Each structure stands twice: as structure tokens, then as C-alpha cells.
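**Q** Below you'll find the structure I mean.
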Amino acid sequence: MERITSARRHVPGFIIGEMPVSVTLLTVHPRRLAAVRREVAPGGVGSAWGPAVGKVWDFIRSQPGLWTVGHNIFLYHHPTKRDAPILCDFGVEVTRTFERAGEVYAAETPGGEAAVAVHRGPYNRMNEARDAIGKWMVANRRESAGHSWEIYGDPTPDPANTETTVVYLLK
């Protein structure tokens, strides 16, 4: 159920950390989410996501057929001021829309042109993918449209093999 399509330009060679991070320009399509929204201070995502996603999974387990193979997806609505809190939709990809239940509501990622990088490795090094996308945007004179998201792959026994796709919607 892949919804990232239409590769237009693959740009390898941004060296961040130990390995090069490739950035690809793609057309992305919306993904349906069950999500809980939180306003998070800079640097606070690590402590905010667990309880929020826990509420989402509790809800999904009570809704037969709502989830089949979707991943955790964290959707960020970037503030206009650099150090302001960020609105985060901590979600799980689902098969259909649904009625709001407490804090859990139906959301979706935006569609459009995006800069995409795949991070392979532990979560504490995901800034390497974000930094590569930022450098790609500067080099290609592109701007963020104010939304980014992370699609978390299935965990692996070795964190070095875990994949997370980082997506920045472009103007």
C-alpha cells in the first residue's frame, strides 16, 4: 500500500554523519491516520509520542478492520517562529475515516511534491535525514510548505537496520 510515487529526481551525496543520505523529489499522496494531537516544545517529541500513540493503538484495537498493515506516522505542523512549540499529530496509518473518539481523530498527511529521505539506523540519528533534506532544499532553492512527517518502518532486532522515511512537503 505504498503511496509515495512519481520519482522525479534522485539526489545522492549529501554526507551527513557516517553515511551519505540520498534525497528524492517525489509526488506524495495523502495517507489516512488515526491520531492524537499534541503541542510540543522544541526537543520534546521524544517524551510526548509514547503516551499519544498508546491512546491511538488502544482506539484502533477497539475498531475491527481500521488497521491492517499501516505504520506509525508522526505529522508535524511547523510553526512560523523558529523556537515556538510545534503541533504534532502522533498517528497510525488506517484503512478508513472514522468518528472522533475522545482525543483520537481522523487526520491525513498532505499530498503534493515532497523531498524524501530514508533514514537507516537508530532513531537518535534521524536528524541526519532531516539535515540532508534541509541542505537539499537550499541547494535546489526549494522551501518547506510547513509540514513534514516520519513514516516508521517495522522495528528490527538490530537498530542499525531500522528504516524511517522522512518527508518534507514543498511549496
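Taken together, the values in this text are just the output of simple stated rules run on the coordinates, not laboratory data. A quick note: this is a predicted structure, and the numbers were derived from the prediction, not measured. Every residue, glycine as well, gets a Cβ built from its backbone with ideal geometry; the counts of neighbours run over all protein chains shown.
**Q** Filter the trypsin sites (Lys or Arg not before Pro) in the stretch 58-125 down to the DSSP loop ones having no more than 15 other Cβ atoms within 10 Å, then list what survives.
**A** 81, 82, 96, 100
**Q** Under a straight-distance cross-link criterion of Cα-Cα below 27 Å, which lysines are reachable from residue 135, leaving out those fewer than 8 residues away in the same chain?
**A** Within reach: 81, 171.
**Q** Top mean-square fluctuation among 115, 132, 41, Gaussian network model of the chain, C-alpha springs under 10 Å?
**A** Maximum among the listed residues: 41.
**Q** Just to be sure I understand, if you calculate mean projected area of the Cα convex hull in nm² for this structure, which of (1) 21.1; (2) 10.1; (3) 9.0 do you get?
**A** Answer label, from the structure shown: (2).
**Q** According to a simple spin-label model (label point 7 Å from Cα along Cα-to-Cβ), what is the distance in nm between residue 101 and residue 63?
**A** The modelled label-to-label distance comes out at 0.7 nm.
**Q** How far is helix 127-139 tilted off the main Cα axis of the chain, in degrees rounded to 10, range 0 to 90?
**A** 50
**Q** Hey, got a sec? Which GluC sites (Glu not before Pro) in the stretch 74-171 land in a DSSP loop and have at most 13 other Cβ atoms within 10 Å?
**A** Here the GluC sites (Glu not before Pro) that fit, given the DSSP loop and packing criteria, are 99, 103, 143.
**Q** Now a separate question. Using only Cα atoms, find the angle between the long axis of helix 45-61 and the longest principal axis of the chain, and express it within 0 to 90 degrees, rounded to the nearest 10.
**A** Between the helix axis and the principal axis of the chain, the angle is about 40 degrees.
**Q** Calculate the FRET efficiency for residue 156 and residue 29 from the Cβ-Cβ distance with a Förster distance of 30 Å, rounded to the nearest 0.05.
**A** The calculated FRET efficiency here is 0.70.
**Q** Find the relative contact order for the chain and round it to a whole percent, using C-alpha pairs within less than 8 Å whose residues are 6+ positions apart.
**A** In percent, rounded to a whole number, it is 26.
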